Ligand SMILES: CC(C)(COP(=O)(O)OP(=O)(O)OC[C@H]1O[C@@H](n2cnc3c(N)ncnc32)[C@H](O)[C@@H]1OP(=O)(O)O)[C@@H](O)C(=O)NCCC(=O)NCCS
């Protein structure tokens, strides 16, 4: 895993798999740091980390390419995020996901994240409408955190 440099092509499809719309993604891409997971020279995953408060880092975006999901790459990136946040002196690592993102809710909690809040109608405000995942309207942001 390595930090992305300005010479790297931005892996937009991966970023959009996890979040959108583009102007919101561009904002944290500029302010945060992007890490790339590579296999045989190919980018198979990425995450964007950002310091959001004095002692807090947030995973703003994390995604693994479709053909490589379920192979432990996402978990390896969470481990890296935790290690980096600790190295930088943070005491808290945060991540947010959708109320209807059932596999993601499992993925984060299995790693040790706890649910600490719900931002009601966050995605309705962000997208102007509710889309569906797993037959459930995506409306609310589930805020999760891990004390380091
Ligand atoms: C969530 C994600 C980053 C996990 O990466 P990963 O490399 O597949 O994760 P791992 O292999 O370490 O762990 C697999 C677990 O992740 C979860 N998971 C979430 N979405 C998944 C998917 N589309 N395919 C496979 N596993 C997924 C499952 O809980 C799975 O466990 P299971 O096999 O018991 O169901 C990845 O699946 C992904 O890119 N999802 C789409 C983008 C996204 O929604 N990002 C998060 C926004 S909040």
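The values are calculated or read from the model by the stated rules, or taken from the named source; none is laboratory data. What you are looking at is a predicted structure, and each value in this text was computed from that prediction instead of being measured. Ideal geometry is used to build each Cβ from the backbone, glycine not excepted, and the neighbour counts take in all protein chains shown.
I need the full set of residues from the stretch 51-69 which are surrounded by fewer than 19 Cβ atoms within 10 Å (Cβ to Cβ) and under 15 Å from the mean Cα position of the chain (by Cα), in order please. Of everything in the stretch 51-69, those that are surrounded by fewer than 19 Cβ atoms within 10 Å (Cβ to Cβ) and under 15 Å from the mean Cα position of the chain (by Cα) turn out to be 51, 52, 56, 65, 69.
In the set 93, 78, only one residue is within 12 Å of the ligand (Cβ to nearest atom) and touching a helix residue (DSSP H, G or I) at 6+ places or on another chain (Cβ under 6 Å); that residue is 78. Annotation: residue 146 fulfils all but one of (1) closer than 23 Å to residue 24 by Cβ; (2) part of a strand (DSSP E or B); (3) more than 13 Å from the ligand (Cβ to nearest atom); the unmet one is (1). Within the bounds of the stretch 70-86, is there any residue that is in a strand (DSSP E or B) and surrounded by 13 or more Cβ atoms within 10 Å (Cβ to Cβ)? Scanning the stretch 70-86 turns up no residue that is in a strand (DSSP E or B) and surrounded by 13 or more Cβ atoms within 10 Å (Cβ to Cβ). Scanning the stretch 9-25 for residues that are closer than 18 Å to residue 96 by Cβ and not in a helix (DSSP H, G or I) yields a total of 3. Against the list (1) in the same structural domain as residue 139 (by TED's automatic domain parsing); (2) surrounded by fewer than 21 Cβ atoms within 10 Å (Cβ to Cβ), the condition residue 97 fails is (2). Is it true that residue 13 is more than 8 Å from the ligand (Cβ to nearest atom), closer than 25 Å to residue 137 by Cβ and loosely packed, with under 13 Cβ neighbours inside 10 Å? Here the answer is yes, as residue 13 does meet what is asked. Does residue 111 count as within 15 Å of residue 145 (Cα to Cα) and near the ligand (Cβ under 7 Å from one of its atoms)? So residue 111 fails the test. For the stretch 119-143, a residue qualifies if it is within 20 Å of residue 61 (Cβ to Cβ) and within 14 Å of the ligand (Cβ to nearest atom), and the qualifying residues are 119, 122, 123, 126, 131, 133, 138, 140, 141, 142, 143. Here is a check on your reading of the model: is residue 63 outside the structural domain of residue 6 (by TED's automatic domain parsing) and within 11 Å of the ligand (Cβ to nearest atom)? Considered against the rule, which asks whether it is outside the structural domain of residue 6 (by TED's automatic domain parsing) and within 11 Å of the ligand (Cβ to nearest atom), residue 63 comes out as no.
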